[in-house]
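Step one of this worksheet: look at the structure below.
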């Protein structure tokens, strides 16, 4: 059974955006693509009873940061005493952080600034670059400085 998904235009002729009345009384979810930073994208959920909930990009970012913080705290607490790097970097929380991808690069770089742990494996795994020269790879501070400069150059921090 093929069901057509109705499209709803948003009148952007004024600062107040109105979504036309839904033809059927049912729960609906719409993705509103904003126009630039002043009008972020949002996910609008409209219930048949008339309730509306909105999740903006900011809410998505905050929930991603919360997840990162939980994973980072668990990783630091559970591996801080380990001397074996393979155990540290194969820890489930660390791997999940890597799996979160590019969106966590600013958060990881913030941790590098705080020197909260060894985040260089995650940075290398997520990014397409390795800004650390071969002679600096054995120096923690120079490695951190290289990654932080890379983050500033790329606009992550």
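Going by the conditions given, is residue 71 at pLDDT below 95 and in contact with a helix residue (DSSP H, G or I) (Cβ under 6 Å, 6 or more places away or on another chain)?
Details: at pLDDT below 95: yes; in contact with a helix residue (DSSP H, G or I) (Cβ under 6 Å, 6 or more places away or on another chain): yes.
In short, yes.
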Exercise. Of all residues in the range 101-157, how many are surrounded by fewer than 16 Cβ atoms within 10 Å (Cβ to Cβ) and part of a helix (DSSP H, G or I)?
Worked result: 19
Exercise. What is the residue count in the range 75-103 for residues that are over 14 Å from residue 122 (Cα atoms) and touching a residue at least 12 places away in the same chain (Cβ under 8 Å)?
Worked result: 3
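The values are calculated or read from the model by the stated rules, or taken from the named source; none is laboratory data. All values derive from a computational prediction rather than experimental measurement. All Cβ positions, glycine included, derive from the backbone under ideal geometry; neighbour counts span all protein chains shown.
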